[in-house]
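The values are calculated or read from the model by the stated rules, or taken from the named source; none is laboratory data. Computed from a predicted model, the values in this text were never measured in an experiment. As a convention, Cβ positions derive from the backbone with ideal geometry for all residues, glycine included, and neighbour counts pool all protein chains shown.
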Ligand SMILES: Cc1cc2nc3c(=O)[nH]c(=O)nc-3n(C[C@H](O)[C@H](O)[C@H](O)COP(=O)(O)O)c2cc1C
């Protein structure tokens, strides 16, 4: 069987062509647990938050909370970042002992403290170094090695095709392409035409990434462009049921409608999970607000005060007292539709700021 354009691990096709895209400060154990539960375990692949390969030895790396995962989370990948080929290889060897299903190199992080130091998207300015890292890591581990990149550093330096050529030449298992440049950060829209171009030239599976917020959106890009799958980041905060909705649509089943009361249950469950995994209530409140900030954008824009109410809660009790009001939304004719958002900033294309987020 030709697996070359499908997401495959250990000779098996991944059950759904979806990836929960790694997000530092978001996709930790409790969040992944929540998403798995709300998705009825119908998602494809999970990836850890990224872990730095600088300044820590193998022992401390293996004990970082970012690399912990459970059997139920498989197929699971651990993502590493850095700029030094030897250190990246040593970190990969240490991580291999934890037996994830794959290891991923990050060549997409735009934040100055990573990209500015030559790691993450900084590697797109120095492709020979990226190649050296891949070669060094590849020869040190047996696990499949994947790569996540952006289109290039800025619009004058779009080099994703060169990145693809390196990935193919050096035995990368699959390439995830976020359809923005580093300088763009998260502004504007992901360029799916470009992602499609990469996918059509590629001999390895290409996973498209950027701005997927609905099951229909995911199906649209999978039908329009020859990607092997989609990676979804912020959309999972906006609509934590998205992966089961995609699996349903992909298998020709009816799309599950989400009611406001399910959103409140999601907040409660998330809180419970965070405490179960050892979070302090104050830290958990911050995470609840992080979820609410995106999830509540699915409420009719006529009621912005509800989202605002949640976000200014000083205590977990106040947060849940306010969230309870949400349960009656449907009966009051206030609609909650996770599918309603046009883009991840909650704006229409006319309103969106196409400027750059970072300096060149
Ligand atoms: C808060 C936050 C943290 C992120 N952390 C990571 C990370 O650790 N590794 C990574 O490869 N990408 C990271 N990303 C990028 C996402 O994985 C994804 O590529 C990007 O958000 C575009 O996809 P989306 O439009 O579906 O969110 C992060 C994004 C956000 C918003």
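Those residues that are in contact with a helix residue (DSSP H, G or I) (Cβ under 7 Å, 6 or more places away or on another chain) and not in a loop (DSSP other than H, G, I, E, B), I need them from the range 251-267; list them, please.
Correct list: 260, 263, 264, 266, 267.
Taking residue 43, is it in the same structural domain as residue 217 (by TED's automatic domain parsing), assigned to a loop (DSSP other than H, G, I, E, B) and modelled with pLDDT of 95 or more?
No; evaluated as a whole, the condition is false for this residue.
Give the residues of the range 155-193 that are within 15 Å of the ligand (Cβ to nearest atom) and in contact with a helix residue (DSSP H, G or I) (Cβ under 7 Å, 6 or more places away or on another chain), sorted by residue number.
Answer for the range 155-193, where residues must be within 15 Å of the ligand (Cβ to nearest atom) and in contact with a helix residue (DSSP H, G or I) (Cβ under 7 Å, 6 or more places away or on another chain): 160, 163, 172, 175, 177, 179, 181, 182, 192.
Pick out the one residue from 263, 247, 279 that is in contact with a strand residue (DSSP E or B) (Cβ under 8 Å, 6 or more places away or on another chain), touching a residue at least 60 places away in the same chain (Cβ under 8 Å) and under 22 Å from residue 28 (Cα atoms).
263
Residue by residue, here is whether (1) touching a residue at least 24 places away in the same chain (Cβ under 8 Å); (2) more than 29 Å from residue 284 (Cβ to Cβ); (3) within 14 Å of the ligand (Cβ to nearest atom) holds:
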residue	(1), (2), (3)
11	no, yes, no
33	yes, no, no
42	yes, no, no
74	yes, no, no
104	yes, no, yes
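Specify which of the listed residues (36, 74) is over 26 Å from residue 88 (Cβ atoms) and surrounded by 14 or more Cβ atoms within 10 Å (Cβ to Cβ).
36
Only one residue in 148, 138, 142, 194 is at negative phi and surrounded by fewer than 16 Cβ atoms within 10 Å (Cβ to Cβ), so which one is that?
That would be 142, the only listed residue that is at negative phi and surrounded by fewer than 16 Cβ atoms within 10 Å (Cβ to Cβ).
Can you find even one residue in the range 80-97 that is within 16 Å of the ligand (Cβ to nearest atom) and free of Cβ contacts under 8 Å to residues at least 24 places away in the same chain? Outline the logic, then answer.
First pass over the range 80-97, keeping only residues within 16 Å of the ligand (Cβ to nearest atom): 80-83, 88, 91-92, 95.
From the residues that got through so far, the ones that are free of Cβ contacts under 8 Å to residues at least 24 places away in the same chain too are none.
No: the range 80-97 contains no residue that is within 16 Å of the ligand (Cβ to nearest atom) and free of Cβ contacts under 8 Å to residues at least 24 places away in the same chain.
Given the condition out of contact with any strand residue (DSSP E or B) (no Cβ under 6 Å at 6 or more places or on another chain) and within 10 Å of the ligand (Cβ to nearest atom), answer yes or no: does some residue in the range 203-213 qualify?
Checking the range 203-213: at least one residue is out of contact with any strand residue (DSSP E or B) (no Cβ under 6 Å at 6 or more places or on another chain) and within 10 Å of the ligand (Cβ to nearest atom).
Which is surrounded by 22 or more Cβ atoms within 10 Å (Cβ to Cβ) and in contact with a helix residue (DSSP H, G or I) (Cβ under 6 Å, 6 or more places away or on another chain), of 105, 80? Talk me through it step by step, then tell me what you get.
Numbers: 105 fails: in contact with a helix residue (DSSP H, G or I) (Cβ under 6 Å, 6 or more places away or on another chain).
Answer to the check: 80.
So which residues in the range 48-64 are part of a loop (DSSP other than H, G, I, E, B) and either on the phi > 0 side of the Ramachandran plot or surrounded by fewer than 18 Cβ atoms within 10 Å (Cβ to Cβ) (or both), if there are any at all?
Let us first name the residues in the range 48-64 that are part of a loop (DSSP other than H, G, I, E, B), namely 48-50, 53-57, 63-64.
Across the range 48-64, the qualifying residues are 54, 55, 56, 57, 63, 64.
Among the residues of the range 113-153, count how many are part of a loop (DSSP other than H, G, I, E, B) and either outside the structural domain of residue 53 (by TED's automatic domain parsing) or touching a helix residue (DSSP H, G or I) at 6+ places or on another chain (Cβ under 6 Å) (or both).
Number satisfying all stated conditions: 3.
When you check residue 67 against the structure, is it within 13 Å of the ligand (Cβ to nearest atom) and surrounded by fewer than 21 Cβ atoms within 10 Å (Cβ to Cβ), yes or no?
For residue 67, the condition - within 13 Å of the ligand (Cβ to nearest atom) and surrounded by fewer than 21 Cβ atoms within 10 Å (Cβ to Cβ) - is met.
Taking the condition surrounded by fewer than 22 Cβ atoms within 10 Å (Cβ to Cβ) and in contact (Cβ under 8 Å) with a residue 60 or more places away in the chain, does residue 229 pass?
When the stated conditions are applied, residue 229 does not pass them.
Conditions first: (1) within 11 Å of the ligand (Cβ to nearest atom); (2) modelled with pLDDT of 95 or more; (3) more than 19 Å from residue 41 (Cα to Cα). Residue 232 passes all but one, so which condition is the exception?
In the conditions (1) within 11 Å of the ligand (Cβ to nearest atom); (2) modelled with pLDDT of 95 or more; (3) more than 19 Å from residue 41 (Cα to Cα), residue 232 misses (3) alone.
Checking residue 127 against (1) within 16 Å of the ligand (Cβ to nearest atom); (2) modelled with pLDDT of 95 or more; (3) more than 30 Å from residue 241 (Cα to Cα): exactly one of these is not met. Which one?
Unmet condition: (1).
Could you tell me whether the range 10-28 includes any residue that is in contact with a helix residue (DSSP H, G or I) (Cβ under 6 Å, 6 or more places away or on another chain) and loosely packed, with under 15 Cβ neighbours inside 10 Å?
Checking the range 10-28: not a single residue is in contact with a helix residue (DSSP H, G or I) (Cβ under 6 Å, 6 or more places away or on another chain) and loosely packed, with under 15 Cβ neighbours inside 10 Å.
Here is a check on your reading of the model: is residue 283 out of contact with any helix residue (DSSP H, G or I) (no Cβ under 6 Å at 6 or more places or on another chain) and outside any helix (DSSP H, G or I)?
Values: out of contact with any helix residue (DSSP H, G or I) (no Cβ under 6 Å at 6 or more places or on another chain): yes; outside any helix (DSSP H, G or I): no.
Criteria not met by residue 283.
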